[in-house]
Amino acid sequence: MRIDLTGKVALVTGGTRGIGHEIAKALVASGATVAIAGRDLVRAQEAAATLGPTVRGYACDMADAASVTALVEAVERDCGSLDVLVNNAGLTKDNVVMRLKDDDWDAVLDANLKGAFVAIRAASRGMMKRRHGRIINITSVVGLTGNRGQANYAASKAGLVGLTKSVAKELASRNILCNAVAPGFIETDMTASLGPEQRAALQSQIPLERLGAPADIAAAVAFLASDLSAYITGQVLVVDGGMVM
């Protein structure tokens, strides 16, 4: 069966590069009209242009509730609806707990967790009226396992798991499905700087013996956005090559 999102409108936060950009590409390939959001409007519009004429770029500060609400309203106004929300935007400010500043804790929780909550709150209104919607939160395996030096990031991603399950229970009666995807180690700008020994150490923890590709995450998101997942809600799909099984 083929993933078909023809006629659907999707919003991908953090869609200007990396995993978010690959998710947007997969949704476009499946027939969706896609909006991507990033902190900088010019960059967002340039990234959108690389994906085709059905893609729009928007600026949004995910740590600012008013900015997130305005983003959702703009997409619904410009595109006519919002059928698929992908909360992908993420921020890291790593440090060990003893040295982690309050501001760095707040910045990561606000952008990664509160921003997703505000986007869901804003998008769910229209979805409830239409009695259809797909909400997909990009969490992380560190939200399931924890990670040294990332207490704020891991807490934000663990919070997304709880948010996903709560929203799934609240909105299921309106045919709105809410799921999460938890990537493992993925080939991105961050992993590109790893040395050979670091890369080998990471790969030794993964049964498939390789890092994942952004396309691996995008494929999972496209599936959850489609009618092929019509009986799946409140779940965390771990895409990590078997690392945390």
Using only the alpha-carbon atoms of the range 116-216, report the extent along each of the three principal axes, biggest first, to the nearest angstrom.
53, 27, 23
Please give the charge dipole size of the range 39-145, origin at the Cα centre, charges +1 on K and R Cβ atoms and -1 on D and E Cβ atoms. Round to the nearest 20 debye.
520 debye
Short version: what are the Cα gyration tensor semi-axes of the chain, square root of 5 times each eigenvalue, largest first, in whole Å?
27, 20, 19
Which listed residue (Gly7, Gln150, Ile136) has the Cα farthest towards the positive end of the charge dipole for the chain, taking +1 on Lys and Arg C-beta and -1 on Asp and Glu C-beta about the Cα centre?
Gly7
Report the Cα centroid-to-centroid distance between the range 13-76 and the range 88-139 in angstrom, as an integer.
16 Å
Determine the gain in length on full extension of the stretch Asp227-Ser166; use 0.36 nm per residue of separation and subtract their C-alpha separation, reporting nm with one decimal.
19.8 nm
Taking a 19 Å limit on the Cα-Cα distance, which of the listed pairs Lys114/Lys165; Lys129/Lys157; Lys101/Lys165; Lys129/Lys165; Lys25/Lys165; Lys8/Lys129 fall beyond it?
Lys129/Lys157; Lys101/Lys165; Lys129/Lys165; Lys25/Lys165
Going by amide H atoms built from the backbone, whose H comes under 5 Å of the H on Val236, apart from near neighbours?
Ala180
What is the dipole size for the range 9-239, taken about its Cα centre, with +1 at each Lys and Arg Cβ and -1 at each Asp and Glu Cβ, in debye to the nearest 20?
620 debye
Can you sort Lys8, Lys157, Lys169, Lys114 from fewest to most other Cβ atoms within 10 Å of each residue's own Cβ?
Lys169, Lys114, Lys8, Lys157
All Cα pairs of the range 141-198, percent lying beyond 17 Å:
54 percent
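Would you calculate a helix-derived [θ] at 222 nm for the chain, using -39,500 (n - 2.57) for each DSSP H run of n ≥ 4 and dividing by the full residue count, to the nearest 500?
-13500 deg cm²/dmol
Computed from the coordinates by the stated procedures, all read-outs in this text should not be read as laboratory data. The structure presented is a predicted model; accordingly, all values stated were derived computationally and were not measured. Virtual Cβ from ideal backbone geometry, glycine too; neighbours counted across all protein chains shown.
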